[in-house]
Amino acid sequence: MAVAETPISVTDHPGVEHEHEEAPARRGRWRRSLGVAVPGGMVALIVAACFLGPVLFDLPSPVGGNILESYLPAFSPGHLLGTDPNGNDILSRLLYGGRASLFIALAVNVLGLVVGGTLGALSGYLGGVVDTVIMRVLDVLIAFPSLVLTLAVAQALGPSMRNTIFALAFFSIPAFARVARSAVLRLREMPFMAAAQLCGTPAWRVLFKHLAPNTAPQLITFGMLGMGIVIIIEGALSFLGLGIPDPAPSWGNMVATGQLSLSATPMLVVWPSLALLVTVLSFNLLGENLRARWSGR
Amino acid sequence: MTTAALPQVPGTRDPRVSRTSRVTRFAGSPVLRLVVKRLLMAIPIMLGVTVLTFWVLSLIPGNAAQQLLGPEATPEQVAQLEEQLGLNRPGYVRYGEWLRGAVTGDLGRSIVSNQPVSDLLGERLPVTGELVLLAFVVSLVLAVPVALLAAHRPGGVWDRISMVVSTAGLSVANYVLALILVLVFAVQLGVLPAIGFTPLSEGLWPNVRSLILPSAAIGLPLFCFYARFLRGDLVDQMQQEEYVTTARAKGVGSWQVLIRHAFRNSSFGLITVVGLNLGALIGGTVIIEQIFALPGIGQMLLQAINTRDFIMVQAVVVVFALVAVVANLVVDLLYAVLDPRIRYGSR
């Protein structure tokens, strides 16, 4: 049951394995490493573009544009992708907006991994009352519609990057906890766990030295898929005006601004949408292919 | 997941089970016990959800009194209205009062419009309900045939095409998809309305027509997800299960095995996922209703949060959580109805 909690985590594709059985082994291995390398390279490229791009190239500022230069078409001098209604450079806004999205997604997933992973591992390892209490609390968070919670938290704390991270962490934590718990429950029955316990290893050491390395692959692949989900939800929050506050760029609020003049200048929506799609797709593919690779050992 | 754990041909019954089942069927049937147990488990979850909402909402700076009077109101005026609306009392008192009403089915009155919450919900729930229903129809009608086609020959052309399409589809945010659909079908082609909702009273077709784009925006990513899930499960069944081997050995055709045998078992997994999704899905309607200006419950939620109408927010959250809890319960019951092994209490 725990598998179905997070939509994408259930989609295993055994067909890939099957396909490789028939293909020559070398071709299979080559393909498989390509399956990780290509999306991995895409992710690296996107990260580099967003974080190094504005440093290396002389880009116009993403905010405080000249209103006289609004709605410039693509390939205008000095504005490769044109400008938005406020005269801000779209390319620059895309890259700075990407910084915000990627940073938020990373922070939310690290928070989820550390807090949720620890809670889930503790819950699975200790069992009993601790397990019941932790899981019931997480059940409440899961039954709570996540977008409503993030909306309320975003409203409560006011729109800002830090508050968006906290708001989104509210639902990444139970998701990671679920994954960690089910992984630990499986590992708990393994002989090496019994061996560690017989040696008198303290619980914290078992958790960090024995369980953490063994659950890491699963949690990291889940985190990759989580990156995509968080980027989409962060976009939704910013779209509704509750994420990154307006003059600062974010893919979500760019889509929202573009929506106002959708019929006249559709490209204002297309660029940030494309950025969202390519980034999320890269993270999803990386996650799925890493999973296929690690589970198909 | 919930696929056949016992290598058993459907239709045969384990003799160890049937004897006890005859006794238990009437007295304490496992299905009845399951329902009661799940309902009891739902109570602390619902309590937790409502407490959490009250607490989170109490953190939001400003209250409905300030919002109603606007920024130019004097502190005395605000204090007076707070007094009138009962907002100056401590949170736990207001929660207790709200809970007492809610348990008896009285969800209170909107702080802002003073209309009974149940009336407002009654106006708006059908819109969201119809939207979600249509989205499910769109996604399932597409997903089942695509998954069957893909699973019929794993690694084949249709399988690859469907995997590529569904991977891409899963990476599209529904609000982006919504805008693309509006751009193509409303702006460029002009065949469907971009925004607005036509009630059912003005005819079935105008009603459905106004919901086609919103339900497609929700349903298409779901379709990708269900198609992938069902395809994976079908392939597992076809490769690992002994009843498939049996059926094949009897000379049943490959489509027959896939549809009549494997799909019947895989449908359990699909039902679970659909049920678990329902909670997330109804939360996801918030943004779609906002884009398409649909007068549904999600739009109401957003308005209520903006005007600090906490009684309304509370009501919407209760509805969302109830839907999630009930959907899970229905899934478990459907199992019991569909799967004889559970029906006769031998899990």
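Observations
- Around residue B:74: net Lys/Arg minus Asp/Glu count, Cβ-Cβ under 15 Å: -4
- Residue ranges A:133-139, A:32-38, B:170-176 sort as B:170-176, A:133-139, A:32-38 when ordered by packing (mean number of other C-beta atoms within 10 Å per residue, highest first).
- Between residue A:57 and residue B:198, the C-beta separation translates, for a Förster distance of 51 Å, into a calculated FRET efficiency of about 0.55.
- Projected-area mean, the stretch A:171-264, by convex hull of Cα positions, square nanometres: 8.3 nm²
- Shown for the stretch B:124-306: the carbon plus sulfur share of the solvent-accessible area, taken with all protein chains present and a 1.4 angstrom probe, equals 67%.
- The stretch B:124-306: translational diffusion in µm²/s, Stokes-Einstein, Kirkwood Rh over Cα pairs, 4 °C, 1.567 mPa s: 73 µm²/s
- At an R0 of 60 angstrom, the distance between the Cβ atoms of residue B:333 and residue A:246 translates into a FRET efficiency of 0.80.
- Taking Cβ atoms as reference points and 9 Å as the exclusive limit, the residues near residue B:116 contribute a net charge of -1, counting Lys and Arg as +1 and Asp and Glu as -1.
- Take each peptide in B:71-79, B:202-210, B:297-305, A:256-264, count the other Cβ atoms within 10 Å of every residue, and average; sorted highest first, the result is B:297-305, A:256-264, B:202-210, B:71-79.
- At an R0 of 60 angstrom, the distance between the Cβ atoms of residue A:106 and residue B:260 translates into a FRET efficiency of 0.80.
- If you take all other residues with their beta carbon under 15 Å from the beta carbon of residue B:107, and give Lys and Arg +1 and Asp and Glu -1, the sum is -1.
- The B-A contact accounts for roughly 4300 square angstrom of buried accessible surface, both chains included, probe 1.4 angstrom.
- Cα centroid separation, the stretch B:267-329 to the stretch A:189-229 (Å): 35 Å
- Average beta carbon contacts from partner chains per residue of B:226-235, 10 Å cutoff: 4
- Stretchable slack from residue A:278 to residue A:126, in nm (0.36 nm times residue separation minus alpha-carbon distance): 50.6 nm
The values are calculated or read from the model by the stated rules, or taken from the named source; none is laboratory data. Quantities reported herein were computed from a predicted structural model and do not represent experimental measurements. Because the Cβ atoms are built from the backbone with ideal geometry, glycine has one as well, and the counts that use them run over all protein chains shown. The protein model used for the area step is the full one, side chains on, heavy atoms only, and it has no ligands, DNA or RNA in it. Shrake-Rupley method; radii C 1.70, N 1.55, O 1.52, S 1.80 Å.
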